[in-house]
1. Restricting to the stretch 119-129, what's the tally of residues that are crowded, with 20+ Cβ neighbours inside 10 Å and either of a type in the set (S, T, N, Q) or without any contact (Cβ under 8 Å) to a residue 60 or more places away in the chain (or both)?
2. Could you list, in sequence order, all residues of the stretch 150-170 that are surrounded by fewer than 17 Cβ atoms within 10 Å (Cβ to Cβ) and within 13 Å of residue 190 (Cβ to Cβ)?
3. Can you tell me which of 151, 82 is within 15 Å of the ligand (Cβ to nearest atom) and at pLDDT below 95?
Amino acid sequence: MLFQTTHQSPRTALTIFAHPDDAEISSFGFLAKLRKQGWRVVVLIVTRGENGADPSEWDRRLEAEAAAGLIGAELIFGDFPDGFVARNSELISWLERVLDRERPEVIVTHHVGESRTAHQDHVAVEAAVQIAVRRADWTPTLLLAEGPDNDATFRPNWFVDITDEFETKLAAIGLHLSQGRKYYMQPDYHELRSRRWGLSVLAGRERPGIKAYWEAYFLAQQVN
Ligand SMILES: [Zn+2]
């Protein structure tokens with residue numbers, strides 16, 4: 001169980017996402033919660049996100065550093081080309097080396113599933129992560145996180161209560177000023193998504209007067 005404290009500490013969770021804002025959008029509530037439980041959280045970002053904002057005006061890595069600082073997460077930056085990430089041996093080997101070094105108990109990456117419209121970098125990263133995880137000589141828990149867009153094919157089976165971490169998640173998303181105009185960066189959007197999962201998971205069993213916010217994942221692999 002992820003939140004039991006009987007394991008040796010620190011336990012390590014590693015996120016592997018394509019762009020500097022993906023972890024915040026998809027999983028920062030969960031990551032903030034893990035940090036509170038004493039976990040190490042390592043956020044790996046495959047690209048510099050140079051297609052999402054003019055690099056002469058914005059350094060998206062600084063935005064990611066500020067967001068990681070909110071929860072005390074460590075960062076690993078790749079330098080693969082934004083928009084052109086390929087599921088090739090270069091990416092897979094790099095991920096294998098990072099996995100071997102960090103030996104995470106939990107890995108979080110993109111959910112692509114049956115979507116035909118997922119970002120091409122997300123498709124490549126998720127595929128490369130699945131291959132690297134399959135080759136690891138231990139069996140980490142693998143969670144696929146809800147992407148930035150509204151994906152009708154996303155059918156989560158693992159949920160985490162982020163009610164106490166929701167404001168931190170919004171603050172982290174808000175630090176990505178270069179992306180501020182995108183619809184999936186708006187607090188309203190995350191209010192809707194997290195409330196939707198909270199209401200449906202709790203099925204009317206919310207604590208009186210307290211709005212529940214949850215994140216949703218697809219659990220791809222877990223060994224107990
Ligand atoms: Zn992305």
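The values are calculated or read from the model by the stated rules, or taken from the named source; none is laboratory data. These figures come from a predicted structure and were not determined experimentally. Virtual Cβ from ideal backbone geometry, glycine too; neighbours counted across all protein chains shown. Ligands, DNA and RNA are excluded from the accessible area calculation, which covers all protein heavy atoms including side chains. Shrake-Rupley method; radii C 1.70, N 1.55, O 1.52, S 1.80 Å.
1. 2
2. 150, 167
3. Values: 82 fails: at pLDDT below 95.
None of the others qualify; the one that does is 151.
Yes/no per residue for (1) without any contact (Cβ under 8 Å) to a residue 40 or more places away in the chain; (2) open to solvent by less than 10 Å² (accessible area, probe 1.4 Å); (3) more than 16 Å from the ligand (Cβ to nearest atom); (4) over 22 Å from residue 97 (Cα atoms):
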residue: 21; (1), (2), (3), (4): no, yes, no, yes
residue: 24; (1), (2), (3), (4): no, yes, no, yes
residue: 28; (1), (2), (3), (4): no, yes, no, yes
residue: 40; (1), (2), (3), (4): yes, no, yes, no
residue: 45; (1), (2), (3), (4): yes, yes, no, no
residue: 50; (1), (2), (3), (4): yes, no, no, yes
residue: 54; (1), (2), (3), (4): yes, no, yes, yes
residue: 60; (1), (2), (3), (4): no, no, no, yes
